[in-house]
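Please treat every number below as a calculation from the coordinates, not as lab data. Please read these numbers as outputs of a predicted model, since none were measured by experiment. Using ideal geometry, Cβ is built from the backbone for each residue, glycine included, and neighbour counts are taken over all protein chains shown.
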């Protein structure tokens with residue numbers, strides 16, 4: 001028989017009915033048959049069926065808008081306005097909505113963010129979702145960036161988590177910091193190790209592929225499936241508010257498959273019903289890989305997904321800006337019947353498919369961080385999101401179970417680049433062969449702060465023992481005096497340092513300097529009225545370097561100041577070594593070159 005408005009599983013087999021009734025079947029077989037019978041006959045609410053007869057049995061719930069990464073392609077440059085905590089769904093509201101959806105036919109719930117693992121009470125949320133299995137819930141999944149997951153994952157699995165998707169866009173730790181503006185590559189790999197060794201039913205790796213950034217790593221990601229029961233899914237770069245999506249940065253999945261086929265021999269594998277990925281595998285490999293082609297190849301006709309944002313809005317399509325607030329209805333006292341009617345109204349307005357690539361709404365639709373989905377996510381913790389943490393090389397240890405890429409692929413020319421990195425992200429001297437020779441000048445300055453006794457010594461050309469009655473300090477003064485004239489020695493050291501800059505700084509060009517001028521001035525504390533700065537004694541070093549060449553001399557000026565001040569430290573350390581402090585080293589003036597002249601206001605103070 002066929003049950004009206006029920007799931008596709010509603011056709012009950014004669015064999016199942018016979019098994020339930022059979023007295024010869026074992027107790028275990030009868031129990032399994034009864035469960036299958038109940039599942040097949042469980043009603044599917046017509047409110048979760050849209051006008052195209054799509055049964056929505058998959059619900060994604062965003063637990064938070066916050067994230068502990070700052071992925072450049074996910075967060076708008078100006079940041080996003082986070083919802084006040086009072087506007088986010090409480091744990092109780094999440095469970096009430098989840099219960100309503102499950103009793104209406106949802107069999108799979110995925111927890112997303114932001115980063116769901118930073119939500120307080122996530123263990124309790126999963127444990128309560130796990131109690132919904134008696135109503136037909138089969139799968140409790142989570143999508144995470146893995147940064148803080150490897151220690152918590154065993155507890156999450158114990159509480160009921162069954163499926164995990166990890167987001168990782170590169171196997172290169174240096175590039176990971178370029179993408180996320182944070183460290184943590186090794187932590188994500190640890191999370192992957194723990195996940196693969198756990199009792200999870202499924203572990204998937206989400207890789208957002210952006211042209212010019214990581215497409216060369218696709219074969220290496222496929223290599224991870226050789227020895228691991230892992231599904232790698234390559235996701236086309238999708239447009240959302242503020243992520244500067246460009247069709248030119250989106251690589252169609254067909255091209256990626258061609259790239260893999262050039263090295264390996266992939267074969268098609270059957271897809272799960274309603275699966276967004278088109279799956280493949282390499283013969284002899286344990287795992288699989290697939291493509292989520294949201295942009296180049298719509299799979300909207302089989303879409304069974306609904307989304308609830310962290311602030312309680314239901315979205316029936318990832319790319320549709322329309323939303324309905326279930327939170328407001330909950331807090332206004334709506335009954336389950338009323339909530340289900342509102343949900344049904346939203347689902348009935350779902351379109352047959354989303355707009356094409358060029359027509360997707362990236363103006364009124366939310367950024368990805370505020371929806372909860374596949375891409376990495378990051379909130380507005382800083383206004384200027386172009387400001388990144390300092391990047392540094394990270395030791396990269398290749399693991400025996402993975403073919404990890406040790407190469408850094410070409411970066412998008414539209415992204416900011418360091419001039420001393422080549423197109424592959426490796427250190428490189430700047431080519432100045434096409435620049436013209438011109439007069440270039442740079443001035444840098446810096447300070448060393450010294451205690452009063454050192455200041456008193458420097459006020460006299462030859463320090464005298466009578467500066468102190470303390471025998472120990474008098475002996476230190478004698479030692480400092482034997483080193484010679486502090487300021488003259490430091491001046492000469494600065495000039496020599498400027499001329500040796502190319503020997504000290506690896507990628508600096510050796511230049512024939514026309515002139516190096518180094519001046520050191522002893523300054524007492526002051527209020528600024530006579531040019532003295534601050535409340536401490538100090539020595540101001542100012543260095544001006546000039547050359548006729550193809551590149552500037554800022555590094556030479558900075559080196560002169562640094563070496564001069566270090567020499568002062570060395571000359572005075574017997575007296576003041578524990579109290580001195582070097583700081584405020586900066587370029588204050590530059591003239592000549594393509595970038596034009598530059599003067600720092602108030603000499604950088």
Nearest-0.05 FRET efficiency for residue 325 and residue 503 at R0 = 51 Å, using Cβ-Cβ distance, is 0.20
For 446-458, 428-440, ranked highest to lowest by mean beta-carbon neighbours within 10 Å, the order is 446-458, 428-440
Rounded to the nearest Å, the spacing of the alpha-carbon centers of the range 93-145 and the range 160-236 is 23 Å
Ranked from fewest to most other Cβ atoms within 10 Å of their own Cβ, 599, 324, 575 fall in the order 599, 324, 575
Computed from the beta carbon distance with a Förster radius of 22 Å, FRET efficiency for residue 51 and residue 130 to the nearest 0.05 stands at 0.05
Taking Rh as the Kirkwood radius computed over alpha-carbon pairs of the range 44-370 and applying Stokes-Einstein at 25 °C with viscosity 0.890 mPa s, one gets a diffusion coefficient in µm² s⁻¹ of 121 µm²/s
Honestly the range 134-255 on the Cα gyration tensor test (a ≥ b ≥ c root eigenvalues; a/c under 1.5 rounded, otherwise a/b vs b/c for prolate or oblate) is just prolate
Ordering 108-116, 122-130 by per-residue average of other C-beta atoms within 10 angstrom, highest first, gives 108-116, 122-130
The simple spin-label model distance between residue 174 and residue 226, using points 7 Å out along Cα→Cβ, in nm, is 2.4 nm
When 305, 263 are ranked with the fewest other C-beta atoms within 10 Å first, the list becomes 263, 305
Per the rule of 0.36 nm per residue minus the C-alpha distance, extending residue 90 to residue 433 adds in nm 117.2 nm
Ordering 156-164, 192-200 by per-residue average of other C-beta atoms within 10 angstrom, highest first, gives 156-164, 192-200
